[in-house]
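Report on the structure given below.
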Amino acid sequence: MADLKLLIDTVRDELQSMQHQGKVADYIPELAKIDPRKFAISITNMKGETISTGDDNERFSIQSISKVFSLALALGKVGDGLWRRVGREPSGSAFNSIVQLEHERGIPRNPFINAGAIVVADVLLAGHQPREAIAEILRFVRIAANDDTIMIDPAVARSEQATGFRNFALANYMRAFGNLHHPIELTLGVYFHQCAIEMTARQLSEAGVFLANGGRDPRSGLTIVSKERARRINAVMLTCGHYDGSGDFAYRVGLPGKSGVGGGILAIVPGEASIAVWSPALNARGNSLLGTRALELIVRETGWSAF
Ligand code: GLN
C-alpha cells in the first residue's frame, strides 16, 4: 500500500496543472458552486485497507454512482426478473436521452442511464412508502461502506426535483408504456434522493469494495451480494457505466466503472481493489475529465485492467 500511496500522490500532483479543463455540472446551484479544483483518490484493497489523497475527507454528491447500489439492492429484491423491465445493453446515447424508449416500448436499455435507474427506483418502491425505499437504499450504502454517517443532502434532492424536467418526461413516457407501477412523483422522489447521497472518496471506495471482492465486504465479512451477482454488476458497469462514453472509458481504463455528474467515479479492479476518484469538472459526456485521466494513470502504473 505504501507504493500505491506514493503513486496516487504523484498522480494528484501531475494532474494539478490540468485543473482548468472540463466544466462543472451547473443544472442545480448545489453542484454549480463546487470548486473545480477539488480532487481526491481513494483505494480500498482486499484486506479492507484504504489509502487516499487530496480532498479525501470531503463529501460530494455521488449522483449516478448511486445507480450501482440501487441496482444491487433491486436484484436482491426481485432477482433476475428485473431484466424484464430494464435491459443490459449499452445505449450509445446520453444519460438522460429519451429517444430509444419509443422503439423499445418503454424498456430502458440499461439500469445506469436515467430511464433505467428510474425503473429500478420504481422496483424498490414496491410495497413501500417513498421514505422507506429511500431509507433502504441509504441503509444498503451504509452497510456496504461500514459507515453510518453517510447522509443524503436534502437541498440537492429538492433542486433535483425542481429542475428534473427531463426525468419527469422519461418517467411519464415509461408510465405510458406501463413500465412504472407507481405515481411518477413518488418514483422520482426515490430517484432524486438516491442521487443526493453524499460521500467522501474514502467512503465511496469502501462502499464499492464488495464488488471487487466477489460480493463480500472484506472488513465486516458480510456477503453484500452473491459472487455471481457481483460479476454481473461489474459487467454492466464496464459496458454501460459511462453512458455514451462507456467505450472510451473501457479503451482508456479497461475496468468496470460508474460515473456521476458530481464528478465522482467508482472503478472496480476484480480481485484487487476498488478505486474512487473525485474531480468535479466533466467532459462533454458528463463524466469526470480528470477523474478518468487519474484512473488511466493508475492502471498504467499498476497494470490493473480487465484486459
Ligand atoms: N441527478 C442527475 C440526473 O438525474 C444524475 C445524472 C448523472 O449523474 N449522470 O440528471
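The values are calculated or read from the model by the stated rules, or taken from the named source; none is laboratory data. If you're wondering where the values come from, they're calculated on a predicted model, not measured in any experiment. Note that we place each Cβ from the backbone using ideal geometry, even for glycine, and neighbour counts take in every protein chain shown.
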Against the conditions (1) closer than 26 Å to D26 by Cβ; (2) touching a Pro at 6+ places or on another chain (Cβ under 9 Å), where does L238 fall short? Just the number, please. (1)
Mind listing whichever residues of region 159-174 are assigned to a helix (DSSP H, G or I), in contact (Cβ under 8 Å) with a residue 12 or more places away in the chain and of a type outside the set (A, V, I, L, M)? S159, E160, Q161, T163, R166, N167, F168, N172, Y173
Output the number of residues of region 82-139 satisfying the condition of being within 14 Å of the ligand (Cβ to nearest atom), modelled with pLDDT under 95 and polar (S, T, N, Q). 4
When the residues of region 284-305 are narrowed to those that are under 16 Å from the mean Cα position of the chain (by Cα) and within 21 Å of L31 (Cα to Cα), which ends up surrounded by the fewest Cβ atoms within 10 Å (Cβ to Cβ)? R285
List pairs: first residue in region 189-202 and farther than 15 Å from E136 by Cβ and within 13 Å of the ligand (Cβ to nearest atom), second residue part of a loop (DSSP other than H, G, I, E, B) and not basic (K, R) anywhere in the structure, Cβ distance under 8 angstrom, at least six positions apart or on different chains. F192/G164; C195/I62; C195/G260; A196/D153; E198/I62; E198/I150; E198/D153
Filter region 2-44 down to the residues that are within 13 Å of D55 (Cα to Cα) and touching a strand residue (DSSP E or B) at 6+ places or on another chain (Cβ under 6 Å) and list them by number. I8, D9, R12, I34, P36, F39, A40, I41, S42
Of all residues in region 225-244, count the ones that are outside any helix (DSSP H, G or I), in contact (Cβ under 8 Å) with a residue 60 or more places away in the chain and surrounded by 24 or more Cβ atoms within 10 Å (Cβ to Cβ). 1
Tell me, please, whether a residue that is touching a Gly at 6+ places or on another chain (Cβ under 6 Å) and assigned by TED's automatic domain parsing to the domain that holds W83 can be found in region 128-141. yes
Considering G189, G178, which residue is out of contact with any Lys or Arg (no Cβ under 6 Å at 6 or more places or on another chain), small (G, A, S) and over 17 Å from S70 (Cβ atoms)? G178
Can you name the residue in region 62-81 that is away from the ligand (no atom under 16 Å from the Cβ) and either free of Cβ contacts under 8 Å to residues at least 24 places away in the same chain or crowded, with 18+ Cβ neighbours inside 10 Å (or both) and, of all such residues, is nearest to T239 (Cα to Cα)? A72
